[in-house]
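Peer 1: Take a look at the following structure, please.
The values are calculated or read from the model by the stated rules, or taken from the named source; none is laboratory data. Given the structure is predicted, the values throughout are model-derived calculations rather than measurements. We place every Cβ from the backbone using ideal geometry, glycine too, and count neighbours over all the protein chains shown. With ligands, DNA and RNA removed, areas are computed over all heavy atoms of the protein, side chains included. Shrake-Rupley method; radii C 1.70, N 1.55, O 1.52, S 1.80 Å.
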There are 2 protein chains.
Amino acid sequence: MEKKLKKWQGWVLFGGTMIAVFLLGLIVSSLMERRAEVVSVFNNKRTEFTDSIIAQNERFKADYPREYETWSMTEDTSFVSKYNSSQEVDVLEARPEMVVLWAGYAFSRHYNTPRGHKHALEDMRKILRTGNPGIDGDGDMQPATCWTCKGPDVPRMMRELSASKSVFDPANFYAKKWSELGAEEVNTIGCSDCHDARTMDLRPARPALYEAWAQVGKDVRKASHQEMRSLVCAQCHTEYYFIKPDDPKNPGKANYLVFPQHYGMTCEDAEKWFDEIDFYDYIHPLSGTKILKAQHPGYEIALQGIHGQRGVSCADCHMPYKQEGGVKYTDHHIMSPLANIDRTCQTCHRQDAEVLRQNVYERQEKCNEVRDRAEQELARAHFEAKFIIDNGATEAELKPIQALLRKSQWRWDYAIASHGATFHAPQEVTRLLSHAVDFAQQARLLIAKVAAKHGHIGDIPVPDYSTKAKAQAAIGLDMQKLNSKKQQFLETIVPKWIEEAKKNGKIVEI
Amino acid sequence: MEKKLKKWQGWVLFGGTMIAVFLLGLIVSSLMERRAEVVSVFNNKRTEFTDSIIAQNERFKADYPREYETWSMTEDTSFVSKYNSSQEVDVLEARPEMVVLWAGYAFSRHYNTPRGHKHALEDMRKILRTGNPGIDGDGDMQPATCWTCKGPDVPRMMRELSASKSVFDPANFYAKKWSELGAEEVNTIGCSDCHDARTMDLRPARPALYEAWAQVGKDVRKASHQEMRSLVCAQCHTEYYFIKPDDPKNPGKANYLVFPQHYGMTCEDAEKWFDEIDFYDYIHPLSGTKILKAQHPGYEIALQGIHGQRGVSCADCHMPYKQEGGVKYTDHHIMSPLANIDRTCQTCHRQDAEVLRQNVYERQEKCNEVRDRAEQELARAHFEAKFIIDNGATEAELKPIQALLRKSQWRWDYAIASHGATFHAPQEVTRLLSHAVDFAQQARLLIAKVAAKHGHIGDIPVPDYSTKAKAQAAIGLDMQKLNSKKQQFLETIVPKWIEEAKKNGKIVEI
C-alpha cells in the first residue's frame, strides 16, 4: 500500500513537472519572440484604406503607432556630428563662394543644411528660393513641380489634376504655378509617399522614377523588396530637371520633371544627356556660362560606393531595425546612421563605434579639402570671366572658357549637392571634385591669356566676396527686400493657405 | 551452448567494431589535420644555423622546401591583370610625360614595372639608373645605399663593414660606392631579409626601419606578430632619402638611409620634414625646381586605406596561406592578390571573384584618370617654366612657381611610386593626385602671367614629348650612348663580379 502510494505520488510529481516546464516554455517563447510587427498589425488593423494614397499622415497613427511615432521624431533636430547636423546651418554663410557660383539662380539667396522630413513643407515655404507669391508681381517664381517631393498631397493632386480620370498623368500638375497649390500641399513627407496605403507595401508614389526606368527598359514594379528599400528614397533623392516651358521638342510638357538617367547613373552620363539636349538651368550673369544645377543625386552617388555596390539599401542604414519588447520594426526616424552606430554600422562591422565614426569623418575631410579648392577656383573664375567680358573678350574667346566652367561647376555641384555623398562614395566624390578644380583652373588659365591679349597683364581684380553678405552684394542681390517680402508672405499668404486647407478637410488634426 | 556461443560472437563483433572505428578515427584525424608546418619542420630540421643572417637563400631549401619553392616562383612573370603586370613594361614608353618630370634624374632614363623579388639583383644591374661603373669615368653614379633593399648580403655586409664588431652600424656600408659592393651583393631578396635564420622568427634585417621607429619613441622589436607580417615589407616598401654627402648637420653620414617619418606617415607629414631640412633629391633642369623624388611609400599608403586601418597585414593578401595535403604554410610567391582571389580577398569577402576584381579595377581607373591629368599638367609646366626663365623671368617671379611645382610633383610621385597604391588607399591617392593637378595648374597660371609681363602673350611653345624617344631627346639624353655603355657594363663588369663572388664562396650553387 505504501509502495503504491509512492508510485502514485511519483506520477503526480512527474506530471506536475511536465506541466510546469511546458508553461515555462510558453512564457519564455513569448518573451523571446521577435515577431515581425506586421503580423500583429495586420491582424488588429482598425482602419482599412481602400485608396492607395492617403495624404494625411495622422490617419496612420492608430494602426502603425511605432512607425508613426518614430516618423514624428524627424522633427527632432538635435543630432549634430562633425560634418552632419540636423540643426539648420546657413551654408552660404559658411562658404560664401557658393553665393557667387549660384549668382542668377535662387540658390544664391538662401541655402541651408537639410532638416528632417517633418520640416519639409515649413522649410519650403520660408526659404527665399520659393519667392513670395501674392506679395508682388514677380514673387511667383517657381512652378508646381517644386512641390513634387514635399509630401503625399503631391501624388493625390497629380491624380486629381490628371486630364483623364483613368490615367495617372502629372502633366497638369507640373504645368501649374507653385502658389496655385499652396492650399493643397499641406501634409509633409510621410506614409503614402513610400507605402501603398491599402497594403503598406513599399511603392514610390511619384511618376518620374517609373518614367526614368521605363526609358531604359526597366520596371520599378519588378524591383526586389531590398531594392524598394532604396527606391522609395530614390524617387526624390536623385538628380532631376524640369523641361523648359518653351522647349519645342516637348509641347505640353512645361516644367515636367525628368531624371537624366538616359545614358546611365554617373555624373558624366547625366552630363552627356544634358549636352545632347543642350540643357541648362540658368545662364550665369557673371561669366555667361550655361550652368547645370545639380539636384541632390543621392541615389546615384550611393550606387558608386561600396555599400551601394554590395546591395546595402538606404533603409538599412537610415532606417535601421528597432526593438520594443518582442516587436521588431523599422525606425522611421530617418537620419544620419552616425546617430545609431550600434544599430547601423555595427550590424555588419565589428569595430568600436568611435573607430567607425572617425573612419567616416576621415573620408569626409579628404573630400571637403578638395571641395573647398573647387569652390575657391570656380568663384574666382566667374568674376575673372566677367572681367574679360567687360574688357572686350570676343564670343570665340569666351566659348571654350564657358565650356570649361560648365563642366567644372556641374562636377562640383553633383559632388556636393546630395546628403552624405562624401561617405557614400568617397573616392568618386574626390574624383569629381578633382575634375572640378581641374576644369576651373583650365578656365582661369585661358582667361588670363585672353585678358593679356586685351591689354590686362597680371592678377585680375575681383570684388570682395569673403562673407555671405559681401558676396550677395557683389552679385547684386537686395537681401533686405527679399527677406522683408518673404516675411510678409509667411505672415499673410501662408496662413490663408492653411486655413483654406483646413476648411476643405485637407488637414487632419489629432 | 548455442546461446553462449552467440554471446561470445556478439562481444567479438562489438570489440572488432570498436577497434575499426578507432583506427578509422586515427586515419581521418591524420587526413584532416591542418597542423602548422612549423611544428614538423622544427622537429626535423637538418641544419641548425648559429648566425641570424644567412645570405645564401639556397641554404634554406632543405629545411623549408615549400617556402623555398614558392619563393623561387617569384621568378615567374606570367601574371597579368588590367593594371598590374609581372611582365616588364616600359612605363616611360607608356607615359612619356614621366621622362620630362624626372629630367635631370636617372629615372628619366629607364623606369619599368616591377618584377618578382627573384629578379631584383638582375634588374638592378641592367637598369640604366645604376650607370655603368668601370666603363667610363662618370658611370659610377650611385652610392652603395642603392643596394639596401636588394638582398640578405646587405645586412651581412653592413655588419662586416661596421666600425666596431660589437655594434651593428651601417654608416660605412652607405658611404661606399655602388660598384664597390658588386661582388658582394649576389643573393637576391630572400630568407634572411625577413627571418632570423636561427629561429625563423620574423625580423626586418635593415636598420633604417628600427631607426625611424626609435626616432618617434617606438620599438620595432615590440611589434606584434601581425604587425611584423607588414613590417618585414615596410623595411623596403617605404619612402626614404639619403643624407647628402655634404650635409654639415650630419657629418660622417654620407648617403645614410633615412625614413622621413618624423612627423607622421602621410605625404604631407613627410613633406613637412623635407621642407624643414631644406631637402631635395635633384634640381629640375627645366624649371629649376628643387624636386623631392618619392620612393615607393607602399607601407605608408597602405596605412591610409581601410585594409591597413583594419589591421590587415601585407602578408595576409600578398602571401596568403596555402595548403598541401595536411600542411598549411605561407605562400612565399609574393605577388598581386588578384592572382589568388580565392585565397586572398575571399578569405574575408563573400563576393564572386569577378566582382571583387572589377571593384579593384574601378578604383584604379578612377585614380589613373586623375594621375594622367597630373602628369600632363606637370610636364607642360616644367617646359613652360623653362620658357619664362629663358625669357627673363626674375628669381622673385620664379620662386612661387617653383614652390608650387615642388608641391605638385611630390604629391604626384608619392601617389604613383608605390605598388598597388590605387587599391591600397583609393581615396587618399585620388586626393593627392587632385592636389598635384591643382598645384601644377596654379603654377601654370603664374607662369602665363609672368610670360605676359615679359612680352609673351598666348600659349607657351613646348617641344614634342609625345613618345619616350622624343621626350628623352627633348631633355637632352643620349640614349644610344647610355644603352651601349650599359651593355658593355653587363658584358664585362658584371661577369667579373659574379666570378669573384663564386670564388669567395658568396654564391651557393644547388
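Peer 1: Could we say that B:E377 is crowded, with 21+ Cβ neighbours inside 10 Å and within 14 Å of chain A (Cβ to nearest Cβ) here?
Peer 2: On the way: crowded, with 21+ Cβ neighbours inside 10 Å: yes; within 14 Å of chain A (Cβ to nearest Cβ): yes.
In short, yes.
Peer 1: Given A:T77, A:T113, which one is touching a Ser or Thr at 6+ places or on another chain (Cβ under 8 Å) and modelled with pLDDT under 85? Step through it out loud before you land on a result.
Peer 2: Details: A:T113 fails: modelled with pLDDT under 85.
After ruling out the rest, the residue left standing is A:T77.
Peer 1: Now for a separate question. Return the residue satisfying two criteria in turn: it lies in segment A:305-334 and is aliphatic (A, V, I, L, M) and buried (at least 21 other Cβ atoms within 10 Å of the Cβ), and of such residues it is farthest from A:M228 (Cα to Cα).
Peer 2: Within segment A:305-334, the subset aliphatic (A, V, I, L, M) is A:306, A:312, A:315, A:319, A:327, A:334.
Of the ones still in play, those that are also buried (at least 21 other Cβ atoms within 10 Å of the Cβ) are A:315, A:319.
Working: A:A315: 9, A:M319: 13 Å.
Among them, the one singled out is A:M319.
Peer 1: Of these, A:R109, A:R159, A:R129, which one is among the basic types (K, R) and either under 26 Å from A:M73 (Cα atoms) or without any contact (Cβ under 8 Å) to a residue 24 or more places away in the chain (or both)?
Peer 2: Details: A:R109 fails: either under 26 Å from A:M73 (Cα atoms) or without any contact (Cβ under 8 Å) to a residue 24 or more places away in the chain (or both); A:R159 fails: either under 26 Å from A:M73 (Cα atoms) or without any contact (Cβ under 8 Å) to a residue 24 or more places away in the chain (or both).
Answer to the check: A:R129.
Peer 1: Related question: Mind checking which residues of segment B:217-232 are crowded, with 20+ Cβ neighbours inside 10 Å and hydrophobic (A, V, I, L, M, F, W, C)? Break it down stepwise before answering.
Peer 2: Taking segment B:217-232 as the starting set, the residues that turn out to be crowded, with 20+ Cβ neighbours inside 10 Å are B:228-232.
Across segment B:217-232, the qualifying residues are B:M228, B:L231, B:V232.
Peer 1: Mind counting the residues in segment B:448-474 that are out of contact with any Leu (no Cβ under 7 Å at 6 or more places or on another chain), of a type in the set (A, V, I, L, M, F, W, C) and touching a residue at least 12 places away in the same chain (Cβ under 8 Å)? Before the answer, list the steps.
Peer 2: Let us first name the residues in segment B:448-474 that are out of contact with any Leu (no Cβ under 7 Å at 6 or more places or on another chain), namely B:449-467, B:469-474.
Right, trim to of a type in the set (A, V, I, L, M, F, W, C) and you get B:450-452, B:457, B:460, B:462, B:469, B:471, B:473-474.
Right, trim to touching a residue at least 12 places away in the same chain (Cβ under 8 Å) and you get B:450-451, B:460, B:462, B:471, B:474.
Residues that pass the stated criteria total 6.
Peer 1: Take the residues in segment A:335-351 that are out of contact with any Pro (no Cβ under 7 Å at 6 or more places or on another chain) and assigned to a loop (DSSP other than H, G, I, E, B); name whichever of them is most open to solvent (accessible area, probe 1.4 Å).
Peer 2: A:R350
Peer 1: Now, a different point. If A:D278 satisfies every condition in (1) buried (at least 16 other Cβ atoms within 10 Å of the Cβ); (2) assigned to a loop (DSSP other than H, G, I, E, B) but one, which is the exception?
Peer 2: (1)
Peer 1: Could you check segment B:105-118 and list, in sequence order, the residues that are of a type in the set (G, A, S) and either crowded, with 21+ Cβ neighbours inside 10 Å or not in a helix (DSSP H, G or I) (or both)?
Peer 2: We begin by selecting, within segment B:105-118, every residue of a type in the set (G, A, S); these are B:106, B:108, B:116.
Selection gives B:S108, B:G116.
Peer 1: For A:L490, are the conditions met, namely being away from every other protein chain (no Cβ under 14 Å), at pLDDT 95 or above and assigned to a helix (DSSP H, G or I)?
Peer 2: Working: away from every other protein chain (no Cβ under 14 Å): yes; at pLDDT 95 or above: yes; assigned to a helix (DSSP H, G or I): yes.
Answer is yes for this residue.
Peer 1: Given the residues A:G458, A:G476, which is the only one that is assigned to a loop (DSSP other than H, G, I, E, B) and at pLDDT 95 or above? Write out each step before concluding.
Peer 2: Values: A:G458 fails: at pLDDT 95 or above.
Every option except A:G476 fails the conditions.
Peer 1: Next up: List, please: which pairs have Cβ atoms under 8 Å, are six or more places apart or on different chains, and start with a residue in segment B:250-261 that is at negative phi and end with one that is among the polar types (S, T, N, Q)?
Peer 2: B:Y256/B:T145; B:Y256/B:N250; B:L257/B:T145; B:L257/B:T148; B:F259/B:T238; B:Q261/B:Q215
Peer 1: Next question, about the same structure. Is it the case, given these coordinates, that B:H419 is more than 12 Å from chain A (Cβ to nearest Cβ) and assigned to a loop (DSSP other than H, G, I, E, B)?
Peer 2: Numbers: more than 12 Å from chain A (Cβ to nearest Cβ): yes; assigned to a loop (DSSP other than H, G, I, E, B): yes.
It is true that B:H419 is more than 12 Å from chain A (Cβ to nearest Cβ) and assigned to a loop (DSSP other than H, G, I, E, B).
Peer 1: Which is over 12 Å from A:W410 (Cβ atoms) and open to solvent by 50 Å² or more (accessible area, probe 1.4 Å), of A:A214, A:A302?
Peer 2: Details: A:A302 fails: open to solvent by 50 Å² or more (accessible area, probe 1.4 Å).
A:A214 is the lone residue from the list that is over 12 Å from A:W410 (Cβ atoms) and open to solvent by 50 Å² or more (accessible area, probe 1.4 Å).
Peer 1: Same structure again: Can you tell me how many residues in segment B:484-510 are open to solvent by less than 80 Å² (accessible area, probe 1.4 Å), more than 20 Å from B:E185 (Cβ to Cβ) and among the polar types (S, T, N, Q)?
Peer 2: So the answer is 1.
Peer 1: Please go through segment A:265-310 and pick out each residue that is within 30 Å of B:Y361 (Cβ to Cβ) and in contact with a Lys or Arg (Cβ under 8 Å, 6 or more places away or on another chain).
Peer 2: Residues satisfying the conditions are A:C267, A:E271, A:L292.
Table: residues versus (1) among the acidic types (D, E); (2) within 20 Å of the chain's Cα centre (by Cα); (3) under 30 Å from B:G476 (Cβ atoms); (4) open to solvent by 60 Å² or more (accessible area, probe 1.4 Å).
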site	(1), (2), (3), (4)
B:A120	no, yes, no, no
B:N132	no, no, yes, no
B:I135	no, no, yes, no
B:G139	no, no, yes, no
B:P152	no, yes, no, no
B:S162	no, no, no, no
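Peer 1: Looking only at residues in segment A:432-447 that are more than 7 Å from chain B (Cβ to nearest Cβ), touching a Lys or Arg at 6+ places or on another chain (Cβ under 7 Å) and open to solvent by 10 Å² or more (accessible area, probe 1.4 Å), which one is farthest from B:Q442 (Cα to Cα)?
Peer 2: In this case the residue turns out to be A:H435.
Peer 1: Could you identify the single residue in A:V429, A:V450 that is in contact with an Asp or Glu (Cβ under 6 Å, 6 or more places away or on another chain), surrounded by 14 or more Cβ atoms within 10 Å (Cβ to Cβ) and within 14 Å of chain B (Cβ to nearest Cβ)? Don't jump to the end; show me each part of the working.
Peer 2: Values: A:V429 fails: in contact with an Asp or Glu (Cβ under 6 Å, 6 or more places away or on another chain).
None of the other options fit; the residue is A:V450.
Peer 1: Would you check which residues across segment A:59-104 are assigned to a loop (DSSP other than H, G, I, E, B), of a type in the set (G, A, S) and under 30 Å from A:A315 (Cβ atoms) and list them? It would help to see each step written out before you state the result.
Peer 2: Of the residues in segment A:59-104, the ones assigned to a loop (DSSP other than H, G, I, E, B) are A:61-64, A:76-79, A:82-83, A:86-89, A:95-96, A:102-104.
Adding the requirement that they be of a type in the set (G, A, S) leaves A:62, A:78, A:86, A:103-104.
Correct list: A:A62, A:S78, A:S86.
Peer 1: While we're on this one: Applying the selection to segment A:245-265, what residues are within 22 Å of A:C149 (Cα to Cα) and open to solvent by less than 60 Å² (accessible area, probe 1.4 Å)? Even if it seems obvious, please write down each step before you answer.
Peer 2: In the first step, residues of segment A:245-265 are kept if they are within 22 Å of A:C149 (Cα to Cα); the result is A:245, A:252-262, A:265.
Within segment A:245-265, A:A254, A:N255, A:Y256, A:L257, A:V258, A:F259, A:P260, A:Q261, A:H262, A:M265 meet the criteria.
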